[in-house]
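Working notes, structure below.
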Amino acid sequence: VSRTPDQVRTLDEIRDDLGRDVPMLRLVQGDVGSGKTAVAAWALAAAALDGRQAALLAPTDLLARQHHDVVGGLLLDLGIEVILLTGSLGAKSRKSAYEALATGQAPVVVGTHAMIQEGVAFADLALAVVDEQHRFGVEQRGALEAKATRGAPHVLLMTATPIPRTLGQVLYADLDVSSLRTAPEGRIAIRTGIRRPEDLDGTWQRVRAEAAEGRRTFVVVPR
């Protein structure tokens, strides 16, 4: 898989961070489609190949399942199993995930808040990746970090939405920042247009045309 120059630079920065004695605290920021998940997958694999464990925390069940599919596919050739842990799992699957994490049989886990529950224990958590980090509180992130048994783990934060709290972390905390500005090759460019209310007839015609081709349109309104 070809990587963008920004991804190569970011991976080099993460590699340097992981090689230090001081735990990493790095924010990877970039628009949707800029390749943040691929960068996270490399970091997760690095921890697993070192014989330790890594976790990716996502804010919703749907996003966790998407990450599980993508990351699992990327790490398949390396022989690294990626398990899923969300609140929607059945009791049997959840118990199996708990046991795999506690015994170290699961090198990489992708999940939601279910990962930070009291009953979840890791054998050797080395890396915590937090996606859409602005949607988690400091205590929630700390609850995941506290599951490490050999000192503070490396932490990789990801966001496509820098907000005041994130900017505050950059300014006042020991937080390093990597930016993915260039989309991977082959990505369709995002086009943004503005229409006045009286021009919406043409917009709805476009919506009907897309539907006729079997494609979807999302309409977002304030309430």
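Identify the residue in the range 94-119 that is under 18 Å from residue 60 (Cβ atoms) and assigned to a loop (DSSP other than H, G, I, E, B) and, among all such residues, is most open to solvent (accessible area, probe 1.4 Å). If we take residues in the range 94-119 being under 18 Å from residue 60 (Cβ atoms) and assigned to a loop (DSSP other than H, G, I, E, B), then 117 is most open to solvent (accessible area, probe 1.4 Å).
Screening 21, 12, 61 for residues that are within 18 Å of residue 115 (Cα to Cα), surrounded by fewer than 19 Cβ atoms within 10 Å (Cβ to Cβ) and among the acidic types (Asp, Glu) leaves exactly one candidate, 61. Scanning the range 38-73 for residues that are touching a Leu at 6+ places or on another chain (Cβ under 9 Å), under 17 Å from residue 133 (Cβ atoms) and touching a residue at least 60 places away in the same chain (Cβ under 8 Å) yields a total of 9.
Take the conditions open to solvent by less than 20 Å² (accessible area, probe 1.4 Å) and hydrophobic (A, V, I, L, M, F, W, C) and apply them to residue 80. Does it pass? Give the derivation first.
Values: open to solvent by less than 20 Å² (accessible area, probe 1.4 Å): yes; hydrophobic (A, V, I, L, M, F, W, C): yes.
Considered against the rule, which asks whether it is open to solvent by less than 20 Å² (accessible area, probe 1.4 Å) and hydrophobic (A, V, I, L, M, F, W, C), residue 80 comes out as yes.
Here residue 76 qualifies as over 17 Å from the mean Cα position of the chain (by Cα) and over 29 Å from residue 134 (Cβ atoms).
Screening 91, 102, 97 for residues that are more than 14 Å from the chain's Cα centre (by Cα) and either touching a residue at least 60 places away in the same chain (Cβ under 8 Å) or under 18 Å from residue 153 (Cβ atoms) (or both) leaves exactly one candidate, 102. Looking across the range 39-58, the residues that are in a helix (DSSP H, G or I) and open to solvent by less than 50 Å² (accessible area, probe 1.4 Å) come down to 39, 40, 41, 43, 44, 45, 46, 47, 48. Looking at the range 200-210, is at least one residue modelled with pLDDT of 90 or more, basic (Lys, Arg) and open to solvent by 70 Å² or more (accessible area, probe 1.4 Å)? Yes, the conditions are met somewhere in the range 200-210.
Within the range 17-37, which residues are of a type in the set (A, V, I, L, M, F, W, C) and in contact (Cβ under 8 Å) with a residue 40 or more places away in the chain?
Taking the range 17-37 and keeping what is of a type in the set (A, V, I, L, M, F, W, C), we get 18, 22, 24-25, 27-28, 32.
Of everything in the range 17-37, those that are of a type in the set (A, V, I, L, M, F, W, C) and in contact (Cβ under 8 Å) with a residue 40 or more places away in the chain turn out to be 18, 24, 25, 27, 28, 32.
Of all residues in the range 194-219, those being in a loop (DSSP other than H, G, I, E, B), among the charged types (D, E, K, R) and within 33 Å of the chain's Cα centre (by Cα) number 3.
The values are calculated or read from the model by the stated rules, or taken from the named source; none is laboratory data. Since the structure is predicted, the reported quantities are computational estimates derived from the model, not experimental observations. With ideal geometry, Cβ positions are generated from the backbone for all residues, glycine too; neighbour counts draw on all protein chains shown. Ligands, DNA and RNA are stripped out before the accessible areas are found, and what is left, the full protein with its side chains, is counted by its heavy atoms. Shrake-Rupley method; radii C 1.70, N 1.55, O 1.52, S 1.80 Å.
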